[in-house]
Structures are given as structure tokens and as C-alpha cells.
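*Asks:* Please see the structure below; I have some questions.
Bear in mind these aren't lab numbers, they're just calculated from the coordinates by the rules spelled out. Keep in mind it's a predicted model, so treat the numbers as computed, not measured. Backbone-built Cβ (ideal geometry, glycine too); neighbour counts: all protein chains shown.
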Amino acid sequence: MSTATSIPHLSPPELSVLSHWEDSNETRMANWIRPWDFEERIDVGITGVPIARAAIKPVSAHQGPNAMKQSRFFFTTYSIDYDVDLADIVVRDTGDVSIPLMDMSLAHEQIRRAARGLLEHEPAFFPVFVGGDHSMTRPIARAMCEARDYERMGLIQFDAHMDVQNFEDGGPHNGTPIRGMIEDGSVAAERVVQIGISGFVNARAYRDWLSERGGTIYSSRELASRGMQAVLAEGWERASAGSDGVYVTLDIDCLELAYAPGTGASISGGIEPWPLMDAMFELGRRQEVVGFDIVEVDPARDVGGATSRVATKLLLTFLAGYHERGR
């Protein structure tokens, strides 16, 4: 239990950052996002999910949430690219989910219970979850459906991998969350849209498994050929059709290797940063988007903090879009 709340398996932030220098005309991100007292009205809550042992290969993705916090020193709340200043929305650090080290089924259950408790405690805020390996998205999606009564949720996934591997060969792990969400009933396969799926890291059998159930897959090659704007517009129609909310999950390994070396499975031929940032801004603006996560940042593999910084900028760009809702 947290010392500040009765929400199960949710602990106070392991790391809080503060910039001791701030220009009078700038708001530093490190000073803008503060720990939540669970009483203040908030617009957005950011929850760390430091899970890594569910990854197929050894990674240090459990350090991802804190690495992204440390990168906040480099950012302010103003984006000249979109002419948005985030300073007038209330974004708080809601803490970290407590993760048992050896029992991944228990870890996933604790993620679900913590996320559900948080969503029920404050039913109006927009939830952001920072990982951690991608296995965390399945229990979070389950919690979203339970706590906020989503019955027809859609999913837009940015990823190099389809993550619909079978459970018989060692799951659940970070290669199974999308299959698990479909089998749980958290999302229907026909509302699953995957963008940036890469060559030589997937299997035809899994492409067929998802496609035969109505899922939509845009490969990284198709994305490069058609462009993000066209793909996202088409994908949005499929993910949102008949839905009562769309969840967005961003695996940082969808980026081109040169921009995101700090992850377990980044490869060449991925998405360039600008199209991905524009997609984050556009999805953040959409009222129908009900939750967001960013996963698989591994600071142990990173080079000069490049991956944690681009991940933080992608998160901020999503929030810039959220800021513009209704404007």
C-alpha cells in the first residue's frame, strides 16, 4: 500500500526531480510535474510501471520511468513547434506501481489493481503510464475497461513488433500483450491498429492470426511509402469505429535505431521522429483517446540519454495535443 493513499500496490514516486535554476519566463518541466497529493484536481496523472522481467530478452526497462524523469531537466513547458504552453494544465506524478521481482503473473495483477484503483480514485483525469516492458499494457487495458466501463475500446499501437505471440511458449511476456488484450475482451481485434511493424522481427503466422480477426497492420515500409498522415487517418477510422474510447500505446522501438538505441529491440528502418511526434500531437488532441502509455525505454542500452530524451519529448508532444482539446 502507498503511504499516501489506500490504492493497492501504488507507491510514492521512487524518484522526484527538481531544477534549482529557472528563468523567470520559462517553466522547467522538472518543476512543473510534481508528486500528487491525491487531493488536488489534476488534468493528467503520470504513473511509473517499472517492470522488466517479462521481457523476452534481458533488459533494464524497469529503469525507464526514472530515466525519463531525469531527462525532464532538459525541457520546458513551451513548444514552439505547435505554439503550445503546457503550464496551464495540471500534470502530476501519481507514483510507481510496486512490482514483485520473480512472479510476473502476480506483477501483472498488481499493475491491474493499481491502475484500477487509481482510475477509480480520480475518475476524471487522463491517465499516462510510463514503462517498463510492453507486457504492462495488457493489465492496464483491463483496468481501463473495469474502472471506466469501456466496452468497445479501440487500440492504436506504434511498435516494431505485433506482440500477438502465443502463450504456450512461455507467456505472458512483452511479446504477448496485444493477443492478451484481444483474448481478454479488452479490445476487439477489428479495432486494433498497428503502425510501424518492422521486417525480420515478426512471423507470418502472427500476421495471419491478427489479420484473420480483422486487425489492421501497417508495416514500417508501407508507412514510409504512404506517409504518417494518410496511415493515421485511415487507421483512426478503424480503431475508433463503434468504440467508446481509444487507447494509444507507444513502444519506443518503433523509432529508427539511430534515434532510439536505448531499447531492447530497436532496429534500422523504423519511424523518423517528426512523423511520430506529429502523430502524438494529433492523437493527444482527440477527445476519444482515453489513455496513453510509452514503454521499453532501456537506459542501460542508451547512448548519452538519447532515447529517454526522445521518449520524453514524444510524451510532451502528446500532452501538447491534449492541451488543445476543445480549443
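*Asks:* Put +1 on the Cβ of each Lys and Arg and -1 on the Cβ of each Asp and Glu in the chain; which of Gly305, Asn25, Ala279 then has its Cα farthest toward the positive end of the dipole?
*Replies:* Gly305
*Asks:* At 222 nm, what helix-only mean residue ellipticity would the chain give, in deg cm²/dmol to the nearest 500, using -39500 (n - 2.57) for each DSSP H run of four or more? Intermediate values should be presented prior to the final figure.
*Replies:* On the way: 10 runs with 109 residues, N = 327.
Computed mean residue ellipticity for the chain: -10000 deg cm²/dmol.
*Asks:* When the chain is fully extended, how far beyond the present Cα-Cα distance does Arg152 get from Glu190, taking 0.36 nm per residue of separation?
*Replies:* Values: separation 38, 0.36 × 38 = 13.68 nm, distance 1.06 nm.
Result: 12.6 nm gained on full extension.
*Asks:* In nm, what is the difference between 0.36 nm times the number of residues separating Ser24 and Glu288 and their Cα-Cα distance? Please list the in-between numbers first.
*Replies:* Working: separation 264, 0.36 × 264 = 95.04 nm, distance 3.60 nm.
So the extension gain works out to 91.4 nm.
*Asks:* Given an 8 Å cut-off on Cα distances and at least 6 residues of separation, report the relative contact order of the chain as a percent. Intermediate values should be presented prior to the final figure.
*Replies:* On the way: 750 pairs, mean separation 62.0, N = 327.
Here the relative contact order equals 19 percent.
*Asks:* So if I place +1 on the C-beta of Lys and Arg and -1 on the C-beta of Asp and Glu, and nothing else carries charge, what would the dipole magnitude of the stretch 10-323 be about its Cα centre? I want it in debye, nearest 20. Please list the in-between numbers first.
*Replies:* Working: 28 positive and 46 negative charges, 96 e Å.
About 460 debye.
*Asks:* Among Arg285, Arg226, Arg116, which comes first, then next, by fewest other beta-carbon atoms within 10 Å? Write down the numbers at each step before the final one.
*Replies:* On the way: Arg285 18, Arg226 12, Arg116 21.
Ranking Arg285, Arg226, Arg116 by Cβ neighbours within 10 Å, fewest first, gives Arg226, Arg285, Arg116.
*Asks:* Using only alpha carbon pairs under 8 Å that are at least six residues apart, calculate the relative contact order of the stretch 18-134 and give it in whole percent.
*Replies:* On the way: 181 pairs, mean separation 48.7, N = 117.
Relative contact order here is 42 percent.
*Asks:* Arrange the following residues from fewest to most other Cβ atoms within 10 Å of their Cβ: His173, His161. Present the calculation step by step, with values, prior to reporting the outcome.
*Replies:* On the way: His173 20, His161 25.
Neighbour counts put them in this order, fewest first: His173, His161.
*Asks:* First measure r as the distance between the Cβ atoms of Arg213 and Ser105, then evaluate 1/(1 + (r/R0)^6) with R0 = 25 Å and state the FRET efficiency to the nearest 0.05. All intermediate terms of the calculation are to be shown ahead of the outcome.
*Replies:* Working: r = 25 Å, r/R0 = 0.99.
Once the sixth-power term is evaluated, E becomes 0.50.
*Asks:* Here's something else I'd like to know. Between Ser225, Val192, Ser240, whose Cα lies farthest towards the positive end of the dipole of the stretch 189-240 when Lys and Arg beta carbons carry +1 and Asp and Glu beta carbons carry -1, centred on the Cα centre?
*Replies:* The residue sitting most towards the positive pole is Ser225.
*Asks:* Please arrange Tyr82, Tyr150 by counting, for each residue, the other beta carbons lying within 10 Å of its beta carbon, fewest first.
*Replies:* Working: Tyr82 17, Tyr150 20.
The most exposed by this proxy come first: Tyr82, Tyr150.
*Asks:* Taking a ≥ b ≥ c as the square roots of the Cα gyration tensor eigenvalues, with a/c under 1.5 meaning rounded and otherwise prolate when a/b beats b/c, else oblate, which class fits the stretch 75-127? Please report the intermediate quantities before stating the final value.
*Replies:* Values: a/c = 3.85, a/b = 2.17, b/c = 1.78.
The shape class here is prolate.
*Asks:* Compute the whole-percent fraction of alpha carbon pairs in the stretch 1-152 spaced more than 22 Å apart. Kindly include the intermediate steps, with their values, before the conclusion.
*Replies:* Working: 4916 of 11476 pairs.
Counting pairs separated by more than 22 Å, the tail of P(r) holds 43 percent.
*Asks:* Where does the stretch 151-209 land on Rg(C-alpha)/(2.2 N^0.38 Å)?
*Replies:* Values: Rg = 11.1 Å, N = 59, 2.2 N^0.38 = 10.4 Å.
The reported ratio for this selection is 1.07.
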